[in-house]
Amino acid sequence: MFLFAIGVPIAISIGLTCLAVLVIREGITAIPAELFALQMLRGLNNFPILAIPFFIFAAALMNVGTVAARIFDFANALVGSVRGGLGHVNVLASMMFSGMSSTAVADVAGLGQLELKAMRERGYPRSFAVGITGASAVISPMIPPSIALVVYGWQSGTSVASMFLAGLVPGLMVGLSFMITSFIMSFWLPMPLSPRPAARELARLFWRALPPLLTPGIIVGGIWTGMFTPTEAGAIACVYAMFLGTVVYRELNWKLLLGVLSSTVRFSSIILFIIGIATFYGWLLVRLRIPQELAILMTGLEVGNTTILLAIVLFFLAVGCFMSVVEAILIFTPIFMLTIQALGIDPVYFGVLMVLTLSCGVITPPFGNVLFVLTEITGLPFEKVALAVVPFLLPIFAVILLMVFFPQIATFLPALAR
């Protein structure tokens with residue numbers, strides 16, 4: 001915590017701490033020099049991890065050109081005329097775009113400027129526009145393909161396909177809760193409605209948006225039917241995104257492609273480096289018997305699983321304020337896995353609950369990445385952006401509580417697929 005507090009990147013902080021613990025516990029001469037590197041390589045030498053750069057590359061390709069505009073226009077035609085107007089459009093577009101963006105920050109970067117511009121031009125209150133745009137990005141880590149779900153699946157030894165299916169219903173519930181909130185707020189905030197389009201125009205906009213909208217269907221459908229693995233799905237998503245950009249829309253040229261490849265390499269290398277460090281960290285935890293001792297402690301408590309889950313949720317809400325979702329998953333999954341198994345909690349359900357709870361951190365101070373992106377896009381002070389998002393935390397908390405009391409929300413789709 002000291003290294004993190006003075007500004008050392010969290011991956012470096014974890015690595016240095018692990019080395020310090022080993023030196024203190026084992027002695028400097030007892031540690032082979034190759035140990036750290038070998039443990040990092042062990043974590044990266046894993047087939048499911050290949051899905052991460054594939055999905056990052058596919059998402060970056062989808063962010064090039066008019067994909068975001070096509071999705072926004074179709075969403076506007078569907079729900080822009082319903083009370084709540086562009087609030088519903090904002091949420092629905094984010095839910096559609098989540099199947100391509102795979103991270104909350106990519107969602108805001110891809111759709112945020114378009115959504116905020118449309119809401120500003122039609123006279124929506126700025127605080128509402130900023131709040132709903134930031135909050136709807138929380139849906140992205142729940143809808144496949146989700147990097148957070150891939151990382152949890154690999155770290156916990158859980159099927160990534162099951163994680164993708166388990167995230168769908170909670171993600172849709174979060175989106176629906178935002179739409180209900182927008183509907184309620186429309187009774188005292190000015191929210192102009194879009195005119196209802198004719199059936200022919202709706203069909204045209206649907207056809208225009210259909211190719212990118214097929215992406216999540218191809219990924220989830222192919223995994224569900226067993227045609228390909230999640231990692232192979234990432235490769236297929238890349239090929240499909242390349243096909244859309246070069247053949248269908250003809251918006252992707254060599255210059256843009258090089259930029260996409262460059263950003264993919266940078267983002268992937270950061271995540272893979274963190275994964276490598278986290279592998280060494282997880283190995284050290286097992287060596288120190290921390291997960292085993294925690295499992296014994298938690299199972300010895302004379303309280304029900306619901307009480308324990310509520311305590312864990314509060315813990316993850318606090319952690320999410322200071323760490324990214326992927327970092328927190330890598331650090332805390334090894335700690336809690338033995339505990340939830342000892343308590344008889346489904347690891348697929350726990351992973352979805354963990355990802356959703358940690359995802360609240362992208363829109364909460366002091367390190368909410370989405371808040372910083374919105375600050376850059378809008379030019380508003382960080383404090384105003386953070387306050388604008390506050391009303392939309394309540395519906396997320398409501399969905400989290402429902403999941404705590406009704407685990408079937410996350411588990412029934414994977415159960416159907418078995």
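Could you compute how much accessible surface Cys238 exposes when probed at 1.4 Å, giving the result in Å² to the nearest 10?
10
For the pair Asn253 and Leu416, how long in nm is the line joining their label points, each one 7 Å along Cα→Cβ?
Taking the two extended label points, one gets 4.6 nm.
Whenever you get a sec, line up Phe392, Phe273 from highest to lowest accessible area (probe 1.4 Å, protein heavy atoms).
Working: Phe392 0, Phe273 85 Å².
Sorted by accessible area, descending: Phe273, Phe392.
With the other protein chains left in place, how much accessible area per residue, in square angstrom, belongs to the chain at a 1.4 angstrom probe?
Per-residue value: 43 Å².
Report, to the nearest whole %, how much of the accessible area of the range 297-412 belongs to carbon and sulfur atoms, 1.4 Å probe, protein only.
Roughly 73 percent, rounded to a whole number.
Treating the beta-carbon of each Lys and Arg as +1 and of each Asp and Glu as -1, no other charges, what is the dipole magnitude of the chain about its Cα centre, to the nearest 20 debye?
Dipole magnitude for the chain comes out near 840 debye.
From the protein chains alone at 1.4 Å, what is the descending order of accessible area for Tyr249, Tyr152, largest first? Walk me through the numbers on the way to the answer.
On the way: Tyr249 35, Tyr152 0 Å².
Sorted descending by solvent-accessible area, the residues read Tyr249, Tyr152.
Looking at Val313, Val21, Ser140, which one has the Cα that reaches farthest to the positive end of the dipole of the chain (charges on Cβ: Lys, Arg +1; Asp, Glu -1)?
Highest projection toward the positive end goes to Ser140.
What are the membrane-span-like helices in the chain by this rule: whole DSSP H runs, Cα extent along the axis at least 20 Å, mean Kyte-Doolittle hydropathy at least 1.0? Kindly include the intermediate steps, with their values, before the conclusion.
Values: long enough: 10-26 (23 Å, 2.00); 86-101 (21 Å, 1.02); 160-185 (37 Å, 1.94); 199-224 (34 Å, 0.75); 254-288 (50 Å, 1.54); 305-320 (22 Å, 2.28); 325-343 (24 Å, 2.05).
Qualifying helices, which must be both long enough and hydrophobic enough, are 10-26, 86-101, 160-185, 254-288, 305-320, 325-343.
Once both labels are modelled 7 Å past Cα along the beta-carbon direction, what's the Thr306-Ile218 spacing in nm?
Each label point is offset 7 Å from its Cα along the Cβ direction, giving 4.4 nm.
Multiply the residue separation of Ala198 and Ala318 by 0.36 nm, subtract the distance between their alpha-carbon atoms, and state the gained length in nm to one decimal.
Values: separation 120, 0.36 × 120 = 43.20 nm, distance 4.74 nm.
Going from the current span to full extension adds 38.5 nm.
I need to check one value: relative contact order of the chain, counting alpha carbon pairs closer than 8 Å and at least 6 residues apart, in percent.
25
Once every DSSP H run of n ≥ 4 in the chain is given -39500 (n - 2.57) and the sum is divided by its residues, what mean residue ellipticity at 222 nm do you get, rounded to the nearest 500 deg cm²/dmol?
The helix contribution divided over the chain gives -23500 deg cm²/dmol.
In terms of solvent-accessible area of protein heavy atoms at a 1.4 angstrom probe, what is the ranking of Lys117, Lys384, Lys255, highest value first?
Values: Lys117 100, Lys384 125, Lys255 175 Å².
Correct descending sequence by accessible area is Lys255, Lys384, Lys117.
Return the single residue from Val390, Val79, Val89 with maximal mean-square fluctuation; model: Gaussian network over the chain, springs between Cα atoms under 10 Å.
Val390
The values are calculated or read from the model by the stated rules, or taken from the named source; none is laboratory data. Since this is a predicted model, take the numbers as computed values, not measurements. So basically every Cβ, Gly included, is an ideal-geometry build from the backbone, and we count neighbours across all protein chains shown. Heavy atoms of the whole protein, side chains included, go into the accessibility calculation; ligands, DNA and RNA do not. Shrake-Rupley method; radii C 1.70, N 1.55, O 1.52, S 1.80 Å.
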